[in-house]
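Coordinate-derived values only; no laboratory data. Just so you know, these numbers come straight off a predicted model, no measurement behind them. Note that we place each Cβ from the backbone using ideal geometry, even for glycine, and neighbour counts take in every protein chain shown.
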Amino acid sequence: MNKSLQKHLENYIYDTRNPEVNFYLGVEFEKIRQYASSLTHYLKCAELSDDQLLQYEAQLRIATVFNKQGGRVKSELNALHQAIPLAPDRPEGYYLIADCQRRRAFFTEALMYTRLGKQLPEPVTTLRTDVGFPKEYGFEFEEILTHYHRNGFNTTRSKVVEFLHKYSITDYHRDVLVKFMNEIKLNYYPATYYTKSKIDKLRVGFEGVEGIEKNYAQAYQDMFVLMSLNGQKDGIYLEIGSGDPTYNNNTKLLEELGWTGISIDLNAELVNKFNLERSNRALVQDATTADYGTLLQSTDAIDVVDYLQVDCEPAYNTYQALLRIPFTKYQFKVITFEHDHYTDMNSGIRRASRELLSKLGYKLVVNDISTDRNRSFEDWWVHPDYISEERLKQITSITDDVQLVDDYMYRYL
Amino acid sequence: MEINLVKRVLDSGGMIRPLIVPSEQTDGSGICNPSVFIDGEDILVNIRHVNYDMYHSEFNQKYPSWYGPLIYLHREDDVCLRTQNFLAKLTPELDIERVDRIDTSDLDVEPIWNFIGLEDGRLFRWDDKLYICGVRRDTTDNGQGRMEFSEIEYVDGGVKEISRHRIEAPNNPDSYCEKNWMPILDKPFHFIKWTNPIEVVRADLETLSSETVYKSEDYQPAQRDFRGNSHVINYKGNYIALIHEVDFWYNENERKDSQYYNRFIVWDKEWNFVRASQRFKFMDNYIEFSCGLAKHGDDFLISFGAQDNTAYILKANQEFIESFIYE
């Protein structure tokens, strides 16, 4: 017997027209996903109550149970339309209706409700229950998602990346973002970062590691470069697809350690941001047509470059960029190549890149890196001429499966 | 009229339990019209799941839906009314010990009407076979409803429908919809088809036909029709059953609304009307519907649905029910 449900049921039986009693019986049914039952009692609550705030919350809960059930958007909107006039100075209703409109791809409406809700002051009173409004970031979240549809591709990625760094978000919001990013072909994987507290667990230590407070790359690529090169300072990099200059950036940490190099990205806004925030330079260039020989001539590299990042979208473009690298003139000590195999399993990009780099004498040391165990998106390579045998052995991990990057980077018991 | 029978039942030492079917099997939509039956030592209940939520704006109707005060909210991409049935076994404390979806797949055919499945099945055992008997409307292209016997069994860790019999209406083969026939538990294959005046019919599973075996002329003056609800059970030399009455009306915006009321009815062994209780609501809902009445020791078990969204089982001691009927 569900004692809590039974208690609230008996409360109801002895006071069937008490709005609050109905509300909490609705909550009990909702907890066990008996949504139709909860609807009965939330609706009774709204009908019976004289308290506008309680009616408002009951209508929000009605909208929530329709949303949880799925396929009842018209009814969900009806409940939200009934809720908002009851408390037009509260943000929850605007957020939930923006969320609903965005889910049904009515982006203009979603943005309208987002803007209406965003301008409201924080309410003085709190609601009885969590109606699913993340007050820290709810409206910002909705703005990002509608941003793409109104303003296009170029600035969306940086907004998402910034958002993810700024807030700790719920699984629901993370799932929505991941789905959204994949839908619009902005490959997104959850990020995972190094902090100094993890120093003792690092797979392989390197010189100067104790001076590193945190890294920036999305999947420890910067730490992998330093691990492979024993903490080399003053290295040189070529970064193809630099993205945001800080968040999830593979060369920011290297720059802090004295590295120089050249970065390119197709996104002019991000490149502009890069050049404002970073010491090293970035250029707006199409990775599939760029002249990498000329670019490398602008660095201090003579014939050896310490790190090459190749990360474009989609994977086909990343491979096209790889084909344009002047491997005959330059050798690269460490290469991270984003093949996005999980989105591109039939295209053969991963296989082709492996064949090419192997033929050129590079050694695959970590295959199929993933940040979630499911999505293999990158391979990590080194040139064996520049890595000691002992270190090569320490950093190598070749498996038949996807490798969770945290499992690779750290020694867990 | 009593608007809260359950409160009085609890005050007299009774109990109530919600009947829950896990939402993984229902998407959380309506659970309703349960039918309780005592099968030897077991307390069994057939529970109907419908693929809609009933939205019913009661009282002052401040918050009607986009359509009106009373609407069946299906998924917006599925306008069919789909019913599936679950067989639950209860503990003596009326908690669910197990609940199984009744697997009808061996006998299902492609539906040709959009009310799909066996609706409002009453559960009973006749000739040592466990049946649910309700109305099915998906076998003709005009939704004609006929009572169907669905024989079920516990097999292979689940519950399966093993035979299905569709029974023609007596007297009028063109009748549109036969439903809510009330099984007379101690008279196998007999049902009360009409309650006022009473008409008893017998179903024949071999010929798939039915015939009227008793028809009274004794009409009890009443404001509304008495419509069939529960089983008809033998109690102290009489028969007792639950019936329902319905008010349908259109509100000021010409949208449909309704209220249901319940009554106990008592007949003697010759089907003479003995007594009708006052009208009552179980728990102060506009719509409540009971498909089950059983005698269990010194108690009655009554299973009912509230607003088509929730199913309950109620245990009431017989002294209370008797006194209520004669209030």
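The angle between the Cα long axis of helix A:92-103 and the longest principal axis of the Cα atoms of chain A comes to about 60 degrees, rounded to the nearest 10. Helix A:35-48 sits at what angle to the longest principal axis of chain A, using alpha carbons and giving 0 to 90 degrees rounded to 10? Approximately 50 degrees, to the nearest 10.
Put in line by how crowded their Cβ is, counting other Cβ atoms within 10 Å and starting with the fewest, A:Ser4, A:Ser376 read A:Ser4, A:Ser376. In chain A, the longest principal axis of the Cα atoms and the axis of helix A:268-277 are about 70 degrees apart. Separation of the alpha carbons by more than 22 angstrom is noted, of A:Lys201/A:Lys363; B:Lys236/B:Lys281; A:Lys7/B:Lys7, for A:Lys201/A:Lys363; B:Lys236/B:Lys281. Counting every C-alpha pair in segment B:157-244, the share spaced more than 14 angstrom apart comes to 69%.
Among the GluC sites (Glu not before Pro) in segment B:206-241, those placed in a DSSP loop whose Cβ has at most 13 other Cβ atoms within 10 Å are B:Glu206, B:Glu217.
Rounded to the nearest 500, the helix-only mean residue ellipticity at 222 nm of chain A stands at -13500 deg cm²/dmol, with each DSSP H run of n ≥ 4 adding -39,500 (n - 2.57). Taken along its principal axes, the alpha carbon cloud of the protein assembly as shown reaches lengths of 111, 56, 48 Å, longest axis first. Size descriptors for segment A:51-183 (Cα atoms only): Rg and Dmax, in that order, 14.5, 47 Å.
Peptides B:218-226, A:300-308, A:24-32, B:15-23 ranked from most to least packed, by the mean per-residue count of other Cβ atoms within 10 Å: A:24-32, B:15-23, A:300-308, B:218-226. Estimated translational diffusion coefficient (Stokes-Einstein, Kirkwood radius over Cα pairs, 10 °C, 1.306 mPa s) of segment A:196-409: 93 µm² per second. Given their separation in residues at 0.36 nm each and the Cα-Cα distance between them, A:Thr289 and A:Thr126 gain 53.1 nm when the chain is fully extended. Relative to one another, the C-alpha centroids of segment A:23-56 and segment B:236-286 are positioned 27 Å apart. Derived scalar couplings between HN and Hα for segment B:111-124 equal x, 10, 9, 8, 9, 10, x, 8, 9, 6, x, 8, 9, 6 Hz in order, rounded to whole Hz, by the Karplus curve 6.51 cos²θ - 1.76 cosθ + 1.60 (θ = phi - 60°), x for Gly and Pro. Measuring against 24 Å, Cα to Cα, the residue pairs A:Lys135/A:Lys166; A:Lys179/A:Lys333; A:Lys44/B:Lys179 contain A:Lys179/A:Lys333; A:Lys44/B:Lys179 as the ones spanning a longer distance.
Spin-label model, B:Arg224/B:Cys177: points 7 Å from Cα along the beta carbon direction are separated by 1.6 nm.
In plain terms, if you count all Cα to Cα distances in chain B and split them into 20 Å steps from zero, the share in each step is 32, 62, 6 percent. Quantify how much of the Cα-Cα distance distribution of chain A extends past 41 Å, in percent. Looking at chain A, the distances longer than 41 Å represent 32 percent of pairs. Per-residue packing, averaged as other Cβ atoms within 10 Å, sorts the ranges B:111-117, A:239-245 into the order A:239-245, B:111-117, beginning with the highest. Counted by neighbouring Cβ atoms within 10 Å, the residues A:Asp291, B:Asp27, A:Asp89 run from fewest to most as A:Asp89, A:Asp291, B:Asp27.
The mean count of C-beta atoms from other chains within 10 Å of the C-beta of residues in A:48-55, rounded to a whole number, is 1.
Rounded to the nearest angstrom and listed largest first, the equivalent-ellipsoid semi-axes of segment A:25-68 from its Cα gyration tensor are 17, 10, 7.
Modelled spin-label separation between A:Lys393 and A:Ser4, with each label point placed 7 Å from Cα along the Cα-to-Cβ direction: 5.6 nm.
For the pair B:Leu208 and B:Ser258, label points projected 7 Å from Cα toward Cβ lie 2.8 nm apart. Computed from the C-beta positions of B:Tyr326 and B:Val246 and an R0 of 22 Å, the FRET efficiency is 0.35 to the nearest 0.05. With a 10 Å cut-off around each Cβ of B:15-21, the average count of Cβ atoms from other chains is 4.
The residues A:Thr16, A:Thr129, A:Thr108, when put in order of fewest to most other Cβ atoms within 10 Å, stand as A:Thr108, A:Thr129, A:Thr16. Shape of segment B:270-327 from the C-alpha gyration tensor: prolate (a/c of 1.5 or more and a/b above b/c, with a ≥ b ≥ c the square roots of its eigenvalues).
Annotation: amide H of A:Leu202 within the under-5 Å range of A:Arg411, sequence separation 5 or more or interchain, hydrogens built in the peptide plane.
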